[in-house]
Structures are given as C-alpha cells and as structure tokens.
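The structure under discussion appears below in the form of structure tokens.
All of the numbers you see were taken from the coordinates with simple rules; none came from a lab. These numbers were taken from a predicted model, which means no experiment stands behind them. All Cβ positions, glycine included, derive from the backbone under ideal geometry; neighbour counts span all protein chains shown.
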Amino acid sequence: MIDHIINTALRAGRAIMQIYTHPDLDWQVERKADNSPLTLADRESHRVIAEALESSPYPLLSEEGAHLPYDERKDWRTLWIVDPLDGTKEFLKRNDEFTVNIALVTDGVPVLGVIYVPAKNRLFWGEKGQGAFTAEVEPETLHVGEAEALPLKGADTGRPYRVVASRSHLSAETESFINDLRRYHPDLELVSAGSSLKLCLVAEGKADIYPRLAPTMEWDTAAGHAIALAAGCQVLDAQTDLPLTYNKEDLHNPWFVVK
C-alpha cells in the first residue's frame with residue numbers, strides 16, 4: 001500500500017508543478033468560505049488523488065472534497081485524510097514550500113503518512129511499526145532515490161535548541177510560547193517553514209519542537225503526524241497534553257505541539 005500512496009503523491013505533485021512552472025496560465029484563484037485560497041493546482045491534485053484512491057476500501061476525507069456530516073463519518077473506522085496542496089499561500093508566493101499530504105487514519109490515529117514537496121523534489125513517509133524515511137525524487141521520471149531513515153527522537157544533535165514556526169501564521173500566542181522557551185534555552189534558534197514541512201523538520205531531527213497555537217484542520221496535520229509518530233515524536237494537544245485525534249465531529253485541530 002505504501003508504494004501506491006507514494007506513487008499517488010508523486011503524480012499529484014507532478015500535476016501541481018505543471019501549473020506552478022507556468023505562471024502565465026490562469027491559476028483560477030478563488031477564495032473559500034474561510035477566506036483561504038483555492039487554485040487550479042489544488043483541484044488537479046485532488047482529482048489525481050481521488051481517482052487513485054477510488055479502488056481503496058476506505059473512504060476519503062479531502063480538503064477539496066465533499067465533507068460529509070459527522071453522522072455519516074462517525075462509523076468510518078479507517079479513512080484517508082488528504083490535503084492535495086498544503087500551503088496554497090506558499091504556492092501563490094512561489095517560495096516552493098508547499099506539499100502533498102496523504103494519510104491513512106485508523107481509530108483516530110494516523111498509521112501511515114506520505115508528504116511530497118514537489119518543488120524541492122523531496123519525499124517523506126512513515127508507517128506504524130516500519131519507521132520514517134526521506135528520499136530525493138527524480139522529477140522527470142518520478143523515481144524515488146535511496147531511502148534514508150529518519151533518526152529516532154532523542155538522538156544527540158550537537159546543535160542549539162531549535163524551534164520551527166509557521167512562515168505565514170505566527171500567532172501572538174506562539175511568539176509568547178517561544179519566548180518562554182528562551183528562558184530554558186538561551187541559545188534557541190528559530191526556523192521558519194511553510195505547510196507540513198514544519199512537522200517534517202521535527203521528524204527529521206532538524207528542529208526540536210513545533211508549537212502551533214493557531215487554527216489548523218485535520219488534513220493539515222494527519223500525514224505529518226503519522227511520519228512524526230513513526231520517527232518517535234509526539235503531536236500533543238497544547239492544553240491537555242493528549243495526542244491529536246482525527247475524524248472528529250469538528251474537523252478543526254486544537255492548538256498543538258510537535259516534539
């Protein structure tokens with residue numbers, strides 16, 4: 001299954017790049033009800049993923065798909081949670097920090113996740129009990145290079161304490177959280193990144209913590225959560241210190257911390 005999902009993410013990334021590399025095209029930018037942007041690239045990526053998962057026995061919850069009422073979703077023990085283009089704002093800014101996110105969730109827990117960064121030709125994936133990995137992708141053939149295992153959380157990095165924060169959504173609460181950390185880590189370094197790359201940085205061991213004290217949706221985090229878990233990290237509710245869960249009645253995430 002993981003090979004099929006990786007291939008699906010790569011093909012969705014290719015569809016995105018066919019638009020991204022042609023800024024003269026009509027990107028059909030619209031605003032959704034929550035004022036977030038939607039583009040032709042979001043739609044094309046969703047189409048590729050939805051078609052690929054059509055034969056799967058599991059239902060699909062995608063940012064750009066139909067969001068069925070909870071009465072219909074509550075009995076979905078296993079489902080796909082997908083963001084076809086995470087970081088549409090980064091896409092529109094043309095800073096290359098956007099991703100394709102595909103996760104498989106069982107009983108509210110992400111058990112498999114794939115994140116593809118098409119503009120950087122970088123792939124991340126993780127699976128419960130199998131570990132987490134990253135690899136370079138050859139963009140012309142979509143060939144995945146040699147997999148590199150992500151270090152399990154707790155490995156000595158030999159660098160200053162590093163906090164990763166959103167490039168487009170740094171809230172006042174997050175800034176306060178970071179300032180509190182400086183009392184314990186005076187050498188603290190702040191790293192900014194867009195989309196689900198922030199979760200990948202913690203999973204890779206390139207950052208120690210990612211506080212997100214601002215709104216997100218389940219499809220923003222499910223794939224990165226699966227990869228983080230497979231790398232020995234945690235994604236915890238900032239108030240209760242309990243793991244985030246998925247396919248809730250309210251698809252918004254609580255504020256959370258990845259560490």
Which of rounded, prolate or oblate describes the stretch 30-174 when judged by the alpha-carbon gyration tensor and an a/c cut-off of 1.5?
rounded
Going toward the positive end of the dipole of the chain, with +1 on Lys and Arg Cβ and -1 on Asp and Glu Cβ, which of Pro110, Ala193, Gln130 do you reach last?
Ala193
Sort 202-210, 109-117 by the packing proxy (mean of other Cβ within 10 Å over each peptide's residues), most packed first.
109-117, 202-210
Cross-link partners of Lys89 among lysines (Cα-Cα below 24 Å; sequence separation of 8 or more within a chain)
Lys32, Lys120, Lys198, Lys206
Among Trp76, Trp125, which comes first, second and so on when ranked by fewest other beta-carbon atoms within 10 Å?
Trp76, Trp125
How far apart, in nanometres, would the label points at Lys259 and Thr240 be if each is projected 7 angstrom from Cα along the Cα-to-Cβ direction?
1.8
Treating the beta-carbon of each Lys and Arg as +1 and of each Asp and Glu as -1, no other charges, what is the dipole magnitude of the stretch 143-259 about its Cα centre, to the nearest 20 debye?
240
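Could you work out Rg/(2.2 N^0.38 Å) for the stretch 162-258, with Rg from alpha carbons only?
Working: Rg = 12.6 Å, N = 97, 2.2 N^0.38 = 12.5 Å.
Its radius of gyration relative to the 2.2 N^0.38 Å reference: 1.01.
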Going by amide H atoms built from the backbone, whose H comes under 5 Å of the H on Ala165, apart from near neighbours?
Val191, Ser192, Ala193
If one takes the longest principal axis of the Cα atoms in the chain, at what angle in degrees, from 0 to 90 and to the nearest 10, does the Cα axis of helix 2-20 lie?
80
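Work out how much length Trp76 to Leu251 would gain on full extension: take 0.36 nm times their residue separation and subtract the Cα-Cα distance, in nm to one decimal. Walk me through the numbers on the way to the answer.
On the way: separation 175, 0.36 × 175 = 63.00 nm, distance 1.41 nm.
Result for the pair: 61.6 nm of gain on full extension.
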Taking the alpha-carbon centre of each part, the distance from the stretch 121-165 to the stretch 8-43 in Å is 25
Just Ala135, Ala15, Ala172 to compare: in a GNM of the chain, with alpha carbon springs under 10 Å, which one fluctuates most?
Ala172
Rg [Å, one decimal], Dmax [Å, integer] - the chain, C-alpha atoms
17.4, 52
Using the Cα centre as the reference, give the magnitude of the dipole from point charges on the C-beta atoms of the chain (Lys, Arg: +1; Asp, Glu: -1; all else neutral), rounded to the nearest 20 debye.
460
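Note down the magnitude of the dipole of the stretch 2-149 about its Cα centre, charges +1 on Lys and Arg C-beta and -1 on Asp and Glu C-beta and zero elsewhere, to the nearest 20 debye. Write out the running numbers ahead of the final one.
On the way: 15 positive and 26 negative charges, 40 e Å.
Dipole about the Cα centre, nearest 20: 200 debye.
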Using helices alone, what [θ] at 222 nm do you get for the chain, with -39,500 (n - 2.57) per DSSP H run of 4 or more residues, divided over all residues and rounded to the nearest 500?
-9000 deg cm²/dmol
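Please arrange Leu213, Leu79 by how many other C-beta atoms lie within 10 Å of their C-beta, fewest to most.
Values: Leu213 22, Leu79 19.
Lowest to highest Cβ neighbour count: Leu79, Leu213.
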Integer Hz, Karplus 6.51/-1.76/1.60 couplings in order for the stretch 83-99, x for Gly and Pro:
10, x, 8, 8, x, 4, 5, 5, 4, 5, 7, 6, 9, 6, 9, 10, 9
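Using a Förster distance of 30 Å, how high is the FRET efficiency between Arg159 and Met1, based on the Cβ-Cβ distance and rounded to 0.05?
The calculated FRET efficiency here is 0.25.
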Give, as a single signed number, the net charge of other residues whose beta carbon lies under 13 Å from the beta carbon of Arg73, with Lys and Arg counted +1 and Asp and Glu -1.
-3
Quickly work out the Val109-to-Arg122 label distance, labels modelled 7 Å from Cα along the C-beta direction, and quote it in nm with one decimal.
2.9
